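Report on the following structure.
The values are calculated or read from the model by the stated rules, or taken from the named source; none is laboratory data. On a predicted model such as this, the values are computed, not experimentally measured, just so you know. FYI the Cβ positions are ideal-geometry reconstructions off the backbone, even for glycines, and counts take in every protein chain you see. Surface accessibility is based on the protein's heavy atoms, side chains included, excluding ligands, DNA and RNA. Shrake-Rupley method; radii C 1.70, N 1.55, O 1.52, S 1.80 Å.
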Amino acid sequence: MIDSPASPTDTEVAAAAALAGAEVVRARYGRRHSRIDKGAGDFATDVDVAAEEAILDVIRATRPGDAVHGEEGGRRGAVDAVREWLVDPLCGTLNYATGSHLVAVNVALRNGPAAVADPFSGEVFLTDGETAWVQYDADGYGQGRADVRGRRVADGHASGPVARRRPVGEERLAPTTDTRLVDVNLDPPFPGAPAFRAVDLLAHPGFVERFRPRVVSTTLALAWVAAGRRAAYVTDGGDLSGSVHFAAGLALCRAAGCVVTGVDGGPVGPEGRGLVVAADAQTHGLLMSLIRGGGRSA
């Protein structure tokens, strides 16, 4: 819930929901988790489910007429609902299950505001659809409540440090290629093969001459491109525009001014495939030339 006499904005709802999910993820880190098999080696945990419920509690309380499409629970709400929230309660489940902190909680209103929360750094990446910024707590976990653009976020479903912290800083997201780091998604399936294979891109002489590869299979990487911590992000796939995994990160990157296309160079959408998200046009063009060249060293 959001503790304010006025109706919260969609950006505030996204932030509060992402924080609620992030608190569940952080609080249960390091415990033994039950797994829910999804087939083909994919799985969810009880934490994915609990975090999604925490997020849904916030959205239901503030936007009861909206539909929600969650990774774990599918679509819920009125069939004729005009608005739909896309929720990935734990992006990076395998990382989390193996003890890694490289995870994110994603909440996005389709074609609208979005939030990506890092449960362990305390950072919340936000966009209202026009601008993008990050809020963070430099002092670590505090007591008090989280400010979301001047409003106080009440505990709601979840309680604890993440849902109750007071951010002490806010910065506009500014993409830059200074790091030269490019995140490449190597998770199967590989629908573009053999024409495009991400692993071939990593071995291309033109790639290693100009960039340094990183592999982070989570949409946290998209937030890092928007924030200038990564030069680019590349993944194969189908239409990712409405994916619960990518919607929030894509909204951040677009609002921050990143160059966003599919791996074929076309628009991201029903006719597109995968993602190439770069901090600037020059980097995007270079990556596209490598991809169109087959991404191969020979």
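Tabulated data
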{"quantity": "All positions within the stretch 242-274 that are closer than 25 Å to Thr93 by Cβ, part of a helix (DSSP H, G or I) and either in contact with a Cys (Cβ under 7 Å, 6 or more places away or on another chain) or open to solvent by 20 Å² or more (accessible area, probe 1.4 Å) (or both)", "calculated": "Ala251"}
{"quantity": "Cβ-Cβ under 6 Å pairs, at least 6 apart or on other chains, the stretch 193-219 side among the acidic types (Asp, Glu), far side open to solvent by 30 Å² or more (accessible area, probe 1.4 Å)", "calculated": "Asp200/Arg296"}
{"quantity": "Number of the condition not met by Glu171 [criteria: (1) in contact with a Gly (Cβ under 9 Å, 6 or more places away or on another chain); (2) at pLDDT 90 or above; (3) not hydroxyl-bearing (Ser, Thr, Tyr)]", "calculated": "(1)"}
{"quantity": "Residue match in the stretch 217-234 (condition: of a type in the set (Val, Ile, Thr), at pLDDT below 95 and under 22 Å from His101 (Cβ atoms))", "calculated": "yes"}
{"quantity": "Long-range neighbours under 9 Å by Cβ, at least six apart or interchain, first residue at positive phi within the stretch 68-87, second of a type in the set (D, E, K, R) and assigned to a strand (DSSP E or B)", "calculated": "Gly77/Glu84"}
{"quantity": "Residue list for the stretch 185-226, filter: crowded, with 23+ Cβ neighbours inside 10 Å and not in a helix (DSSP H, G or I)", "calculated": "Phe211, Thr218, Thr219"}
{"quantity": "Residues located in the stretch 56-88, provided they are more than 17 Å from Phe246 (Cα to Cα) and of a type in the set (A, V, I, L, M, F, W, C)", "calculated": "Leu56, Val58, Ile59, Ala61, Ala67, Ala78, Val79, Ala81, Val82"}
{"quantity": "Index of the failed condition, Asp178 passing every other in (1) open to solvent by less than 90 Å² (accessible area, probe 1.4 Å); (2) charged (D, E, K, R); (3) modelled with pLDDT of 95 or more", "calculated": "(1)"}
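Yes/no per residue for (1) out of contact with any helix residue (DSSP H, G or I) (no Cβ under 7 Å at 6 or more places or on another chain); (2) more than 18 Å from Val107 (Cβ to Cβ); (3) not basic (Lys, Arg):
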residue	(1), (2), (3)
Thr219	no, no, yes
Ser243	yes, no, yes
Ala255	yes, no, yes
Ala278	no, yes, yes
